[in-house]
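The values are calculated or read from the model by the stated rules, or taken from the named source; none is laboratory data. Predicted model only: the values in this text are computed from it and were never measured. Methodologically, a virtual Cβ is constructed for each residue, glycine included, from the backbone with ideal geometry; neighbour enumeration extends over all protein chains shown. Calculation scope for accessible area: heavy atoms of the full protein, side chains included, ligands and nucleic acids excluded. Shrake-Rupley method; radii C 1.70, N 1.55, O 1.52, S 1.80 Å.
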Amino acid sequence: MRGRNNNFDFLRFFAVSLVVFSHSFMFCPTGYATEPLGYISHGHASFVSLAVAVFFVISGFLITMSYENSVSNREFLLKRFLRIFPGLAVVVLLTMFLLGPIFSSYSLSAYYLDSHTFSYLSNLFL
């Protein structure tokens, strides 16, 4: 499983295709009931749920590989931290300071004076 000589890209593409295919049935007059897997399973499964399962399995496999390739637990946790938190910080801060004021129905001053605005920062700590 070293290097790029694996089928993860294909599996991701396959899962994304399942999501697009499944969501395309939303545009049909009858909705999700006509999605083939939903129809066959009487609504107990869908291609979206299958795709989500594929994404979780791939993620679990890649995280496990990352753990096994780490020299210590500390290095593994540092790699996970650096993979998750910079992106999370960017999204939370952009949402709070750029998108929030643009799309809020509050005035700018009311938006920043509302207690919920700054409590949103707690998302930085998961």
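Selection among 76, 89, 55 by position relative to the dipole of the chain gives 76 as farthest towards the positive end (Cβ unit charges, Cα centre).
When the helices in the chain are scored as -39500 (n - 2.57) per DSSP H run of 4 or longer and the sum is shared across all residues, what 222 nm value do you end up with, to the nearest 500 deg cm²/dmol? My calculation for the chain gives -20000 deg cm²/dmol from helical runs alone. Here the Debye sum runs over all C-alpha atoms of the chain as equal scatterers in vacuum, and log10 of I(q)/I(0) at q = 0.09, 0.12, 0.13, 0.17 Å⁻¹ comes out as -0.50, -0.81, -0.89, -0.99.
How about the range 1-100: which trypsin sites (Lys or Arg not before Pro) there are in a DSSP loop, with at most 11 other Cβ atoms within 10 Å of their Cβ?
2, 4
To put it simply, the accessible area of the chain at a 1.4 Å probe is 71 percent carbon and sulfur.
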